[in-house]
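Below: the structure, in structure tokens.
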Amino acid sequence: MKTEIDSFSGFRIYPSRGRLFVRGDNKVFRFGTSKNESLFLQRKNPRKIAWTQVYRRMHKKGITEEVAKKRSRKTVKHQRGIVGADLAAIAARRNQSAAARLQARTAAIQKAKAEKKEKESKKEKAKPAAGRAPASAPRVSKQQMKGGKGGR
């Protein structure tokens, strides 16, 4: 028994069933039901109609062989050193107690403050020797520089 395939739905058409439609360019279309023929003549897209074989194939429906889902790879965390510190230094910091960390921070702050104070005192000593030169030219506003009306 020879079965045909419906041109719209993709279902089997058994002998003595369905209709044949021959288009003007001599292309032959076979339809199992008038519903399929009607939808085809309305120029409906079988890929968008849920019950057709084309739709089911496109949307991977009813595939029983691939029951097992694909296993996804789990991300693995790796620890690496960064530019300023290697892995051992990072681990040492992490294992340090909170009190020790606080003590180190305060010591660093004290050191930075002392350096800043020393730098400023050097600046103060150098400043009086240089002094400030008196301005020789009269002060001119930006407006005057541009040739505007300011202060005439």
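Within the range 12-40, being of a type in the set (A, V, I, L, M, F, W, C) and surrounded by 13 or more Cβ atoms within 10 Å (Cβ to Cβ) holds for I13, F21, F29, F31, L39, F40. Reported count of residues in the range 25-84, each being in a loop (DSSP other than H, G, I, E, B), of a type in the set (K, R) and under 31 Å from the mean Cα position of the chain (by Cα), is 9.
Within the group K44, K69, which residue is more than 26 Å from M1 (Cα to Cα), among the charged types (D, E, K, R) and at pLDDT 95 or above?
K44
Of the residues examined, L20 is one that is farther than 23 Å from R57 by Cβ, touching a Phe, Trp or Tyr at 6+ places or on another chain (Cβ under 9 Å) and either in a loop (DSSP other than H, G, I, E, B) or not aromatic (F, W, Y) (or both). With K77, K116, K70 as the choices, which residue is more than 30 Å from V22 (Cα to Cα) and either surrounded by 10 or more Cβ atoms within 10 Å (Cβ to Cβ) or touching a helix residue (DSSP H, G or I) at 6+ places or on another chain (Cβ under 6 Å) (or both)? Just a single option satisfies the conditions, and that option is K116. Tell me, please, whether a residue that is at pLDDT 85 or above and more than 30 Å from Q79 (Cβ to Cβ) can be found in the range 97-110. So far as the range 97-110 goes, yes, one or more of its residues are at pLDDT 85 or above and more than 30 Å from Q79 (Cβ to Cβ). Of everything in the range 52-66 that is surrounded by 11 or more Cβ atoms within 10 Å (Cβ to Cβ) and of a type outside the set (V, I, T), the residue that is nearest to D6 (Cα to Cα) is Q53.
The values are calculated or read from the model by the stated rules, or taken from the named source; none is laboratory data. Since the structure is predicted, the reported quantities are computational estimates derived from the model, not experimental observations. Every residue, glycine as well, gets a Cβ built from its backbone with ideal geometry; the counts of neighbours run over all protein chains shown.
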